[in-house]
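Student: One structure is given below, represented as structure tokens, and several questions about it will come after.
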Amino acid sequence: MEPAERRRLLAALTAHPGLCATCEHLQLPASKRSVFVRCGLADADPGFVRYPPLPVRLCRGYRQQGAP
Ligand code: SF4
């Protein structure tokens, strides 16, 4: 996802996503009226919730976007 598109979708959220906002695992599926915070780790690890309650304050899967 392009950074500008990510920023646009994050700005459209009605709840603050917390850590997910800067996490590389964040996915932002969108419909015409809504944007959803989806955790990409949940596809491979059942310990993660696909649509976590927001804001996420602590998360063992967090990885800062763009970190080496
Ligand atoms: S790993 Fe944690 S912080 Fe990252 S998107 Fe999933 S729930 Fe959010």
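Student: Looking at G18, G66, G40, which is the one that is of a type outside the set (S, T, Y), in contact with an Asp or Glu (Cβ under 9 Å, 6 or more places away or on another chain) and within 10 Å of the ligand (Cβ to nearest atom)? Lay out the reasoning, then the answer.
Tutor: Details: G18 fails: in contact with an Asp or Glu (Cβ under 9 Å, 6 or more places away or on another chain); G66 fails: within 10 Å of the ligand (Cβ to nearest atom).
Residue meeting the stated conditions: G40.
Student: Considering (1) more than 9 Å from the ligand (Cβ to nearest atom); (2) assigned to a loop (DSSP other than H, G, I, E, B), say which one A4 fails and leave the rest.
Tutor: If we test A4 against (1) more than 9 Å from the ligand (Cβ to nearest atom); (2) assigned to a loop (DSSP other than H, G, I, E, B), just (2) comes out false.
Student: Could you say whether any residue in segment 41-54 is modelled with pLDDT of 95 or more, touching a Leu at 6+ places or on another chain (Cβ under 6 Å) and either part of a loop (DSSP other than H, G, I, E, B) or polar (S, T, N, Q) (or both)?
Tutor: Scanning segment 41-54, I find at least one residue that is modelled with pLDDT of 95 or more, touching a Leu at 6+ places or on another chain (Cβ under 6 Å) and either part of a loop (DSSP other than H, G, I, E, B) or polar (S, T, N, Q) (or both), so the answer is yes.
Student: For segment 51-63, give me each residue that is charged (D, E, K, R) and near the ligand (Cβ under 9 Å from one of its atoms).
Tutor: Keep residues of segment 51-63 that are charged (D, E, K, R), which gives 57, 60, 63.
Correct list: R60, R63.
Student: Let me ask something else. Pairs only if they're at least six apart or on different chains, beta carbon under 7 angstrom, first in segment 35-50 and among the basic types (K, R), second surrounded by 13 or more Cβ atoms within 10 Å (Cβ to Cβ) and in a strand (DSSP E or B); list them, first residue then second.
Tutor: R38/Q27; R50/R38; R50/C39
Student: Can you give me the number of residues within segment 7-40 that are in a loop (DSSP other than H, G, I, E, B) and polar (S, T, N, Q)? Outline the logic, then answer.
Tutor: Here is the first cut: in segment 7-40, the ones in a loop (DSSP other than H, G, I, E, B) are 12-17, 24-25, 28-29, 31-34, 36-37.
Add one more test, that the residue is polar (S, T, N, Q), and what stays is 14, 31, 34.
Total satisfying the criteria: 3.
Student: Which count do you get for residues in segment 32-60 that are surrounded by fewer than 11 Cβ atoms within 10 Å (Cβ to Cβ) and aliphatic (A, V, I, L, M)?
Tutor: So the count comes out to 2.
Student: Restrict the check to segment 12-25 and report whether at least one residue is free of Cβ contacts under 8 Å to residues at least 12 places away in the same chain and charged (D, E, K, R).
Tutor: No.
The values are calculated or read from the model by the stated rules, or taken from the named source; none is laboratory data. Note that the structure is predicted; figures quoted are calculated from it, not measured. All Cβ positions, glycine included, derive from the backbone under ideal geometry; neighbour counts span all protein chains shown.
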